[in-house]
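K.L.:
What follows is a structure written as structure tokens; I'll ask about it next.
The values are calculated or read from the model by the stated rules, or taken from the named source; none is laboratory data. Predicted, not measured: the structure shown is a model, and the values here were computed from it. Neighbour counts are summed over all protein chains in view; Cβ atoms, including those assigned to glycine, are modelled from backbone coordinates with ideal geometry.
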Amino acid sequence: MYQGIRHIRAFLSVARLGSFTKSALELHVSQPALTVQIRQLEEWLGVRLFDRNKRHVALTSAGQDLLPFLARVLTDLEMVMNVGRELAGIKRGTVTVAALPSVAANILPVAILRFREKHPGVNVRVSDVIAEQILHLVKQESIDFGISSKPDSDVELEVEDFWNDQLCVFFPDGHTVSKHSEPTLRDVAIWPLILTMPGTSIRTIVDRAIEKEGLDVNLSCEVNYVSTAISMVHAGLGVSILPASVIHTTYEGVHMMPIYTHGLTRKIGIIRKRNRSLSPAATHFIETLKVAAQTQTAYFKGLKTGE
């Protein structure tokens with residue numbers, strides 16, 4: 001493309017100035033090099049563009065006919081190259097991502113704010129949906145990538161480890177569960193439970209752990225959103241098992257503690273369509289997400305240790 005641009009620029013300069021000598025000076029090339037460029041363009045197009053002798057240069061009829069078209073082509077090519085440079089330099093573009101609601105509500109806002117500070121010309125579009133929908137969107141290439149619980153092996157997908165989201169018990173002020181320094185699922189399950197709906201990534205992990213432990217539970221409520229679950233905990237309807245990532249969603253008077261039972265960790269991955277390249281903007285946004293996740297992990301560890 002770059003070679004083509006140089007040839008068209010040479011033609012337009014000679015047509016405008018009517019002189020190979022003046023055009024060579026304007027384009028900062030030697031006159032023989034300019035002559036070669038015009039000759040090559042004529043060969044590519046199959047027509048003579050200029051009638052020329054030692055004293056006079058004039059467009060041929062074909063040259064006059066092609067002049068507006070080549071001027072438009074040059075404008076379009078320059079625009080394409082400028083847009084390409086801006087995309088490569090992350091000065092413009094769009095990043096599309098689908099994420100689990102708990103991730104979208106907590107880690108994503110921090111990452112988007114940091115990303116926009118460095119790349120204000122790039123738009124980030126977010127869909128907060130359940131895990132099954134995320135996989136569908138990735139496979140349909142409707143989004144650049146997804147952030148979800150790690151799926152089973154799938155030949156269509158590439159999954160990169162992103163974050164381990166520990167499940168915790170959320171409870172209101174003064175609840176008896178707080179007397180346990182390291183509560184297990186068995187300690188938690190004796191209370192009415194407020195859980196997310198079946199099919200959600202959180203509920204799948206909780207159900208598997210309950211079955212493995214052989215526990216009978218008293219299911220108080222099933223909800224679609226973690227914010228609803230926390231509101232019900234705040235109202236005293238029971239305790240809830242939710243990821244640590246939702247800590248910033250909690251009300252005053254609602255507390256959380258890790259549950260010390262093996263398997264109650266939600267492994268979150270960055271999910272992409274296999275063999276699909278990401279734009280520079282999407283690649284950089286993933287790096288920003290990783291930094292935000294590290295900050296979240298450090299914050300949660302501080303809560304655990306009381307620091």
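K.L.:
Can you pull out every residue in the stretch 194-206 that is crowded, with 22+ Cβ neighbours inside 10 Å and more than 27 Å from the chain's Cα centre (by Cα)?
P.N.:
Taking the stretch 194-206 first, the residues crowded, with 22+ Cβ neighbours inside 10 Å are 194-196, 200-202, 206.
Answer for the stretch 194-206, where residues must be crowded, with 22+ Cβ neighbours inside 10 Å and more than 27 Å from the chain's Cα centre (by Cα): 194, 195, 206.
K.L.:
Right, another one. Could you tell me which of the residues 254, 291, 246, 239 is more than 13 Å from the chain's Cα centre (by Cα) and either basic (Lys, Arg) or more than 29 Å from residue 212 (Cα to Cα) (or both)? Working first, answer last.
P.N.:
Details: 254 fails: either basic (Lys, Arg) or more than 29 Å from residue 212 (Cα to Cα) (or both); 246 fails: either basic (Lys, Arg) or more than 29 Å from residue 212 (Cα to Cα) (or both); 239 fails: either basic (Lys, Arg) or more than 29 Å from residue 212 (Cα to Cα) (or both).
Unique residue meeting the criteria: 291.
K.L.:
Anything in the stretch 25-70 that is of a type in the set (D, E, K, R) and over 14 Å from residue 6 (Cα atoms)? List them, or say none. It would help to see each step written out before you state the result.
P.N.:
If we filter the stretch 25-70 for residues that are of a type in the set (D, E, K, R), which is where we start, we get 26, 39, 42-43, 48, 51-52, 54-55, 65.
The answer is 43, 48, 51, 52, 54, 55, 65.
K.L.:
If only one of 180, 119, 175 is in contact (Cβ under 8 Å) with a residue 40 or more places away in the chain and touching an Asp or Glu at 6+ places or on another chain (Cβ under 8 Å), which one is it?
P.N.:
Details: 119 fails: touching an Asp or Glu at 6+ places or on another chain (Cβ under 8 Å); 175 fails: touching an Asp or Glu at 6+ places or on another chain (Cβ under 8 Å).
Exactly one of 180, 119, 175 is in contact (Cβ under 8 Å) with a residue 40 or more places away in the chain and touching an Asp or Glu at 6+ places or on another chain (Cβ under 8 Å), namely 180.
K.L.:
A further question follows. In the list 137, 100, 195, which residue meets the criterion of being closer than 18 Å to residue 268 by Cα and either in the same structural domain as residue 220 (by TED's automatic domain parsing) or in contact (Cβ under 8 Å) with a residue 40 or more places away in the chain (or both)?
P.N.:
Values: 137 fails: either in the same structural domain as residue 220 (by TED's automatic domain parsing) or in contact (Cβ under 8 Å) with a residue 40 or more places away in the chain (or both); 195 fails: closer than 18 Å to residue 268 by Cα.
Of 137, 100, 195, the one residue that is closer than 18 Å to residue 268 by Cα and either in the same structural domain as residue 220 (by TED's automatic domain parsing) or in contact (Cβ under 8 Å) with a residue 40 or more places away in the chain (or both) is 100.
K.L.:
For the stretch 132-151, which residues satisfy the criterion of being among the small types (Gly, Ala, Ser), part of a strand (DSSP E or B) and under 17 Å from residue 279 (Cα atoms)?
P.N.:
Keep residues of the stretch 132-151 that are among the small types (Gly, Ala, Ser), which gives 142, 146, 148-149.
From what is left, the residues that are part of a strand (DSSP E or B) are 146, 148-149.
Within the stretch 132-151, 146 is the sole residue that qualifies.
K.L.:
I've got another one for you. Tally up the residues in the stretch 239-254 that are at pLDDT 90 or above and of a type in the set (A, V, I, L, M), please.
P.N.:
4
K.L.:
Something else: Taking the options 80, 47, 36, 29, name whichever one is exposed (fewer than 15 other Cβ atoms within 10 Å of the Cβ) and assigned to a loop (DSSP other than H, G, I, E, B).
P.N.:
Going through 80, 47, 36, 29 in turn, just one is exposed (fewer than 15 other Cβ atoms within 10 Å of the Cβ) and assigned to a loop (DSSP other than H, G, I, E, B): 47.
K.L.:
If I filter the stretch 268-280 down to residues being surrounded by 15 or more Cβ atoms within 10 Å (Cβ to Cβ) and modelled with pLDDT of 90 or more, which single residue comes out as nearest to residue 170 (Cα to Cα)?
P.N.:
268
K.L.:
What are the residues in the stretch 182-212 that are farther than 20 Å from residue 99 by Cα, in a loop (DSSP other than H, G, I, E, B) and not aliphatic (A, V, I, L, M), if any?
P.N.:
182, 183, 184, 191, 192
K.L.:
Does residue 218 satisfy being in contact with a Pro (Cβ under 6 Å, 6 or more places away or on another chain) and either farther than 25 Å from residue 290 by Cβ or not assigned by TED's automatic domain parsing to the domain that holds residue 256 (or both)?
P.N.:
Working: in contact with a Pro (Cβ under 6 Å, 6 or more places away or on another chain): yes; either farther than 25 Å from residue 290 by Cβ or not assigned by TED's automatic domain parsing to the domain that holds residue 256 (or both): yes.
Taking the combined requirement at face value, the residue satisfies it.
K.L.:
Can you say whether residue 72 is touching a helix residue (DSSP H, G or I) at 6+ places or on another chain (Cβ under 7 Å) and charged (D, E, K, R), as far as the supplied structure shows?
P.N.:
On the way: touching a helix residue (DSSP H, G or I) at 6+ places or on another chain (Cβ under 7 Å): no; charged (D, E, K, R): yes.
For residue 72, the condition - touching a helix residue (DSSP H, G or I) at 6+ places or on another chain (Cβ under 7 Å) and charged (D, E, K, R) - is not met.
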